[in-house]
Ligand code: UDP
Ligand code: UDP
Ligand code: UDP
């Protein structure tokens, strides 16, 4: 987002992100953009916090922007007798915990000084938060943390837009009784009560989905992306960047499945085999646990096996199991391809930096996001590997072949450069102006 949007006076915005870095980061990035436009910002932080990555991001954000007011929102612990026992995922459980504590937000929001102009709410919390803000007569905008294509599914639900194949739907959505389906459909029903939807996407990339949403008569959708990283996000592990410095241009494949997708050890070993077989140099962020705090004791050599470790020893591969500065990695000229789970933030970061993507969707909205990449032509999305649900092991040979296919494909490279140009030229600042104008009404 550039700085040229019309500057409103005395706008005070509160942000309510949900749990998971894929939700927190876009909130912090948008908050920083609004601070640059001289808005006052309140950040609502929910406690306890699930991952170290989130705690760290919040504290560095607050120290970088001392003018931001932090409001601590202490959650009521989830009653295990009433909790959904189909899921053990700590992030999903946290979403439910926040939803059940939503009534506690009322005093926190009404005591803000100066009074709030509006709240920005995470999509996973919509239905429970909208009743609170309606009571307070406080305008409420959603920051949708996925693609416009996913937003079209979300807002049409229980209908499915004809453009989305059944096989791409988040798997738990096929079960009408799953907690995922319940959560999504309650939130989707509440969309009409909101004042607007902010989204980290841009018109050139998702015109069709954005037009479809416009024609549906929803609250206005403001594409404000691609969101840019915060200066201080890089305070993590510098070793991968140092390693990249010594690699040839576009010679490295970067491999990461985001902040909360753990791969089985068996699949990690096949992926390692694939990377070795591809013959390309690789920078690989290995994750064998969903929450980062549990990862520290892992012995990488034991998980990866000697072939991969040999590549690491002779400097043709680099492996980490901690937080890396993904933005800087993707903007490094040595990176020629990105093997990704297609989490939406990763997709937008690849778009901005013009990096061709090999999509291997694992969960949720990721197949739908992968289709956005394929349609725009700057990557491949493998659909025959199934979801990362441990019931299908993808063999190293297949993985190696796909990596070669990506790295040798000149067309995706040309399209990636084109998408990057479009991302940088995008109309996010005009859309931000439109958002501020809509506030005045
Ligand atoms: N990320 C990062 N370093 C890591 C892992 C993730 O900077 O080691 C960032 C990544 O750049 C992205 C976000 O965390 O901004 C992950 O969001 P995404 O939507 O891609 O996937 P999720 O983690 O939600 O599955
Ligand atoms: N999962 C994830 N990200 C997602 C969705 C799922 O990391 O966006 C993980 C999580 O560990 C979850 C598991 O995949 O428990 C199975 O997820 P699914 O959504 O299939 O079903 P659930 O267990 O929530 O019913
Ligand atoms: N969703 C929801 N409630 C839920 C689960 C999902 O509203 O209980 C919606 C929400 O918009 C979310 C999207 O479905 O962003 C995709 O869910 P996923 O599990 O893939 O999570 P994400 O990738 O957003 O972390």
### Message
Based only on other Cβ atoms within 10 Å, what is the fewest-to-most ordering of 37, 306?
### Response
306, 37
### Task
Go ahead and estimate [θ] at 222 nm for the chain from helices alone: -39,500 (n - 2.57) per DSSP H run with n ≥ 4, summed, over the residue count, rounded to 500.
-13000 deg cm²/dmol
### Query
For the chain, what is the relative contact order in percent, using Cα pairs closer than 8 Å and at least 6 residues apart in sequence?
17 percent
### Nearest-ten-degree value, helix 90-100 long axis tilted from longest Cα axis of the chain
10 degrees
### Task
Average the reciprocal distances over every distinct pair of alpha-carbons in segment 305-441, invert the result, and give the Kirkwood radius in Å.
16.7 Å
### Summary
Relative contact order in percent for segment 237-422 (Cα pairs under 8 Å, 6+ apart) equals 27 percent
### Message
Please arrange 84, 299 by how many other C-beta atoms lie within 10 Å of their C-beta, fewest to most.
### Response
299, 84
### Summary
Under Stokes-Einstein, the chain at 4 °C and 1.567 mPa s, with its Kirkwood radius over C-alpha pairs, diffuses with a coefficient in µm²/s of 58 µm²/s
### Segment residue 65-residue 182, extension gain: residue separation times 0.36 nm, minus the distance between their alpha carbons
38.4 nm
### Task
Mind giving me the nanometre distance, one decimal, between the label points for residue 264 and residue 375, set 7 Å out from Cα along Cα→Cβ?
3.3 nm
### Summary
Whole-Å distance linking the alpha carbon centroid of segment 77-136 with that of segment 375-441 is 31 Å
### Simple spin-label estimate for residue 160 and residue 245 in nanometres, 7 Å along Cα-Cβ
5.0 nm
### Task
State the Cα centre-to-centre distance between segment 175-191 and segment 10-44 in whole Å.
26 Å
### Query
How large is Rg/Rh for segment 76-197, to two decimals, with Cα atoms and a Kirkwood Rh?
0.99
### Task
May I ask for the angle, rounded to the nearest 10°, between helix 126-135 and the longest principal axis of the chain, with both axes built from Cα atoms and the value confined to 0 to 90°?
20 degrees
### Task
Return one number: the angle in degrees, 0 to 90 and rounded to the nearest 10, between the long axis of the Cα atoms of helix 366-376 and the longest principal axis of the Cα atoms of the chain.
80 degrees
### Message
Could you check the spin-label model distance between residue 103 and residue 189? Points 7 Å from the Cα along Cα→Cβ, value in nm.
### Response
1.9 nm
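FYI, it's all coordinate maths here, none of it is from the lab. All values derive from a computational prediction rather than experimental measurement. Reconstructed Cβ throughout: ideal geometry from the backbone, glycine too, with neighbour counts over all protein chains shown.
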